[in-house]
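Below you'll find the structure, written out as structure tokens, and then a few comments.
The values are calculated or read from the model by the stated rules, or taken from the named source; none is laboratory data. This is a predicted model, so every value here is computed, not measured. In this analysis, Cβ positions are derived from the backbone assuming ideal geometry, glycine residues included, and neighbour counts consider all displayed protein chains. We work out accessible area using only protein heavy atoms, side chains counted, and drop any ligands, DNA or RNA first. Shrake-Rupley method; radii C 1.70, N 1.55, O 1.52, S 1.80 Å.
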Amino acid sequence: MTEVSGKNGKAGRYDAIVVGAGHNGLTAGAYLAKAGLKTLIVEKNDYIGGAAVSRELHEGWTYSNCSYVCSLLRPEVARDLELGRHGLQVIPYEGGATFLNNGDHFGSYAEHNAFRREIQRHSPIDADAYDRYSRYIMRQCRFIRPLLLRTPPDPVSMRPKDLQEMMFLLKRFHDLGAREMADMLRFWTMSVGEFLDEFFESEVLKAHFAGSGIIGTGLGVYSPGTAYVLLHHYMGDVDGSIGAWGFTRGGMGGVSKALSLAFMEAGGEIVTGSGINHFLTENGQVSGVVLDNGDVYEASTVVSNMDVRRTFLEHVEEGELDGDFIKAVKRFKIRGSSGKLNIALDSLPDFPALPPNSILMQGDMHASESLDELERAYDDWKVGKWSEEPYFDMLIPSQIDPTLTHPGKHMMTVFVQYAPYELAGGESWNGPARQAFADTVINKIARHSPGFRDKIVHMEVRTPWDIENEVGLTEGNIFQGELTFDQLLFNRPVPGYAQYRSPIKGLYLCGSSAHPGGGVMAAPGANAAREVLSDMGRAAVGNGVMGRAA
Amino acid sequence: MSVIKKPAMKGVQRGLSPTPFHDFLAPMNLEQSWMDWAGFLSPRHFESIESEYFAIRNQATVFDVSPMRKYRIAGPDALTVMNRLVTRNVAKMRDNRVAYSIWCDEDGNVIDDGTVFRFTATDFRLCCQEPQFSWLNDVAWGFDVEIVDESLDVAGLSLQGPTSYAVLKAAGFNGVETMKPFDIRHFDDGVTVSRTGFTGDLGYELWVPNDKAAALWQHLFAAGRIHGLKPVGYEAVEMTRIEAGLLLPGKDFQSSHHALRSTRGRTPFELGFGWMVDFGKGHFNGRRALLKAKETGPRYMVVGLDIDGNKPAYDALVYHRGKVEAGHVTSALWSPTCKRNLAFAMLKAPYGIGVTDDLFVEIYRDKEGKWEKGLARARIVNRRFFDYPRRAATPPALY
Ligand SMILES: Cc1cc2nc3c(=O)[nH]c(=O)nc-3n(C[C@H](O)[C@H](O)[C@H](O)COP(=O)(O)OP(=O)(O)OC[C@H]3O[C@@H](n4cnc5c(N)ncnc54)[C@H](O)[C@@H]3O)c2cc1C
């Protein structure tokens, strides 16, 4: 990200400092700067974006190194921060497929009629069951979407704002009616496997949908709680089309770039290349940060974009915190389970299972044909191995986005589930294991795409260990903490601290560890900024997000 | 229980599919004006909506109803399953009769409407707009029936209009003269005729296996030319449907299977379908809820409106005394046959139930680029706006 300059001072005093230039840090920073605060963002890497980043690691190919598709990004934030004017463009993709070992495929068409015919081809009964399934999911989406940009209430507090917010929650819940209330409670706690089994009979169809329930999660398709993870992947939208996903022009770094431009236009500064070593505190109040390179920046408001574990266990003196709080933070589930391959391709790969020139290739492609296969993939993870038959979410955005590589060449992103953070027997990821993991995935792709290996020009392999080291996501957990019911709403990240504040006065959390969780959503960042400004008694810009402080 | 067809490899067709009559329809569709009906290319209109509308009310017309969903429910428990499904009592139907019916979910909200064809007590066909295959299988769970989705195997033509009987006679359908409304008769070449339709006029529906569809079309048109037979599109049929007082799911009410908001479901009583609910026949889906709903009374009421002026009240809000919002118009039309400005409206209780006077609709008029808003008085009337004796006359008149 060459555009990001910021002044590289040795010391300075700011109204607010944001630690980490992930997309949530940039979002929080942009709201604070727009509200008139002198704001600094410090980022340990030489580039910004965290897990929403585009980098050219091989000449002529730009990768979306971590996140690769966009849907969750809150439209209110895009509007408040004028991300459109700052270059953000998200193009919905249509299509997707699961390859079967018998040479057939299951195609996911955005076009209703074609999709219906396709489901019918696999199972006539599932074709209408799909309509009922979609409606069920949409009902859940209707419940949850309005909660994303609201600060969760503290359920034990008697403050009017908390009571009011609690009433809001209860009222929405009550409005569902008896049957749906029951459905919702089941849904938020059940497994994605059981959930899909209730609707469908086709194995491949279930496997195709189940992927969203396990992505980024240390759980299997039959583990309770995974149905919610599926919802988490459905509740976004592209221009109002709920559940749709799109490519960001220029890769996912395009989101961070637009946010950084909004931040800098409002007068914000970004310093990259050295992370913070620790937060400075005085009498339980934060007073600034000390970087690894020794630079010191002072502010009585510091907002951490790092995950809750990293923030409190690695950068705050243990003595500053109560034992119970530390225990709760340590208990926060943040297990790594995913890896990723970013591949530069000499030409478009061939998938003989698909119809020629199929639009299905423009979407997410998979090769796990049953829930059983997915559950077995999880079994490997539990014993410290990467899946022998991994689930992957594979896309070729260069079919739509001309900015990623030269015409005729292609960029492929392959998200892989499961890969453990710690390998069995203490083997290091930073050795032959990394390549062996990549080979497992490539071999599976090549089973469905003859000649695939020969097309590979360059490849970036990312294990949970790499993700932790580069992005700072503890254990490589992509969501800064798992998205299970026990870690959502007023329990996220830990009970009593779901309102972006922390035991240390002036120190806030704005990353995905906070409500409403991970994904390139910008909601935690926007919500945190609102709380910061509310504590300062300051007015904020925008009408989408601001004005609902807890 | 369900018949699963062997999947064809290499995927499916995208876009809209032709119906078995498409090769005949396409050259007659002067503006190539098509719409999506259940994934099929369905004509909006062929020449002009007016000429097609008047053909329905004066001569004979065909509308390609092949995209309708058709399910066959057959087996020893077929009657029991049908009675579990629909609110009417199919045990009271004679063989080879059709009944219009609705079916509900367990909250007593209407899922869809359609026609029940009773061939025998062990062999039924359900004809409807929305896919119901998985719902039928749910309802039939544990019963000895086979459910087959015939939607893609059976083509249909709706032959409607005052000379439709003459066309059938001329085409050699002997015995149609004795067919009463809702009768079914089987003819050669696999053609099944039912005296049914969506226009409120004299008319028939002809059902035929796909491979016999072309022959049927050619045969009908050869015989029908001198009786003014012509194809019509959705727009003209839609006008006659409103005149006939027939509700369209998705427009006049929301199927409870589609509504996202739990408050959008409507009971049969709220749609004026109370006469179709038979509590005496034993248990059926929604019975308990409907007994309760009957007691508490309707929360809404669909009514027919006769509105002052001649501007159709599309999507208009309905007000009581011009101030309090009472509901909204769901379908509207200036009726060229009734010479009245008509509409259906969904009113919220007590409007349409206890309070039926002093209703107004808000109508917007585009006066050459300048919009004007006006309130037009609306009176609640029987929604069967068009009701001519020729619809039911047996034998029908030979024009
Ligand atoms: C492989 C992968 C694939 C994903 N795919 C998708 C996807 O397709 N779609 C989607 O919506 N989401 C996806 N996600 C999830 C999503 O990317 C993340 O949840 C989200 O980007 C997290 O954003 P954040 O701002 O909360 O945190 P982060 O992006 O983690 O930002 C934290 C920032 O803090 C910096 N930092 C860490 N330590 C320090 C320090 N000591 N000092 C200064 N700075 C520090 C980091 O370098 C980083 O820039 C994916 C994630 C991964 C890892």
Legend entry - For B:Ser151, residues with placed amide H under 5 Å, excluding near neighbours: B:Lys70
Inset, instruction - List the residues of the stretch B:238-285 that lose 10 Å² or more of accessible area once all protein chains are present, compared with their chain alone (1.4 Å probe, heavy atoms only, no ligands or nucleic acids). - result: B:Ser256, B:His257, B:His258, B:Ala259, B:Leu260, B:Arg261, B:Ser262
Inset, instruction - Please sort by residue number the chymotrypsin sites (Phe, Trp or Tyr not before Pro) in the stretch B:303-353 whose DSSP state is loop and whose Cβ has at most 16 other Cβ atoms within 10 Å. - result: B:Tyr314
Inset, instruction - Determine one quarter of the surface area of the Cα convex hull of the stretch B:95-208, which equals its mean projected area, and express it in nm² to one decimal. - result: 8.0
Legend entry - Which of A:His174, A:His23, A:His406, A:His122 is most accessible, then next, and so on - probe 1.4 Å: A:His174, A:His406, A:His122, A:His23
Inset, instruction - Could you pull out every residue, at least 5 positions away or on a different chain, whose amide H is within less than 5 Å of the one on B:Asp113? Hs are placed 1.01 Å off N in the peptide plane, and Pro or chain starts have none. - result: B:Gln129
Inset, instruction - Tally up the carbon and sulfur contribution to the accessible surface of chain B as a whole percent, 1.4 Å probe, everything protein left in place. - result: 52
Inset, instruction - May I ask for the net charge around A:Asp154, where only other residues with Cβ less than 14 Å from the Cβ of A:Asp154 are counted and Lys, Arg are +1 while Asp, Glu are -1? - result: +2
Legend entry - Within the stretch A:479-501, backbone nitrogen closer than 14 Å to the virtual label 7 Å beyond the Cα of A:Glu198 toward Cβ: none
Legend entry - Length-normalised contact order of the stretch B:299-381 in % [C-alpha pairs under 8 Å, at least 6 apart]: 37
Inset, instruction - With label points built 7 Å along Cα→Cβ from the Cα atoms of B:Glu150 and A:Asp379, find their separation and express it in nm. - result: 4.7
Legend entry - Net +/- balance of residues flanking B:Thr115 in space, Cβ distance below 9 Å, scoring K and R +1, D and E -1: -1
Inset, instruction - If a/c stays under 1.5 just call it rounded; otherwise compare a/b with b/c (prolate if a/b is bigger, oblate if not). Do that for the stretch B:299-381, with a ≥ b ≥ c from the square roots of the Cα gyration tensor eigenvalues. - result: oblate
Legend entry - Fraction of accessible area attributable to carbon and sulfur, chain A (%, probe 1.4 Å): 50
Legend entry - Relative contact order of chain B, defined on C-alpha pairs under 8 angstrom at six or more residues apart (%): 17
Inset, instruction - Whole number in Å², please: accessible area per residue of the protein assembly as shown, 1.4 Å probe, ligands, DNA and RNA not counted. - result: 38
Legend entry - Mean ellipticity per residue at 222 nm, deg cm²/dmol - from DSSP H runs of n ≥ 4 across chain A, formula -39500 (n - 2.57): -10000 deg cm²/dmol
Inset, instruction - Starting from 0 in steps of 20 Å, tell me what percent of the Cα-Cα pairs of chain B lands in each bin. - result: 26, 58, 17, 0
Inset, instruction - Bin width 10 Å, alpha-carbon pairs only: give the P(r) of the stretch A:282-430 as whole percents, running from 0 to the bin holding the largest distance. - result: 9, 23, 22, 22, 16, 6, 1
Inset, instruction - Give me the net charge of B:Gly322's neighbourhood, meaning all other residues with Cβ under 12 Å from the Cβ of B:Gly322; Lys, Arg count +1, Asp, Glu -1. - result: +1
Inset, instruction - At most 15 other Cβ atoms within 10 Å and a DSSP loop assignment: could you name the trypsin sites (Lys or Arg not before Pro) in the stretch A:446-538 that fit? - result: A:Arg538
Inset, instruction - Tally the DSSP beta bridges in chain A and give the antiparallel ones as a percent, rounded to 5. - result: 65
Inset, instruction - In debye, nearest 20, what is the charge dipole magnitude of chain A about its Cα centre with +1 on Lys and Arg Cβ and -1 on Asp and Glu Cβ, if you could check? - result: 1360
Legend entry - Summed buried accessible area for B+A [probe radius 1.4 Å, Å², rounded to 100]: 2800
Inset, instruction - Could you tell me which of the pairs A:Lys330/A:Lys385; B:Lys180/B:Lys251; A:Lys340/A:Lys455; B:Lys180/B:Lys292 are separated by over 28 angstrom between their Cα atoms in the structure shown? - result: B:Lys180/B:Lys251; B:Lys180/B:Lys292
Inset, instruction - Write down Rg/Rh for the protein assembly as shown, rounded to two decimals, with Rg from the C-alpha atoms and Rh from the Kirkwood relation over Cα pairs. - result: 1.03
Inset, instruction - Once you have a ≥ b ≥ c as the square roots of the Cα gyration tensor eigenvalues for the stretch A:8-122, tell me rounded if a/c is under 1.5, and otherwise prolate or oblate according to whether a/b is larger than b/c. - result: prolate
Inset, instruction - Work out the length of the dipole vector of the stretch A:187-314 about its Cα centre, built from +1 on the beta-carbon of each Lys and Arg and -1 on the beta-carbon of each Asp and Glu, and round it to the nearest 20 debye. - result: 160
Inset, instruction - With a cut-off of at most 13 other beta carbons within 10 Å, and DSSP calling the residue loop, which GluC sites (Glu not before Pro) in the stretch A:271-347 qualify? Please list them. - result: A:Glu317
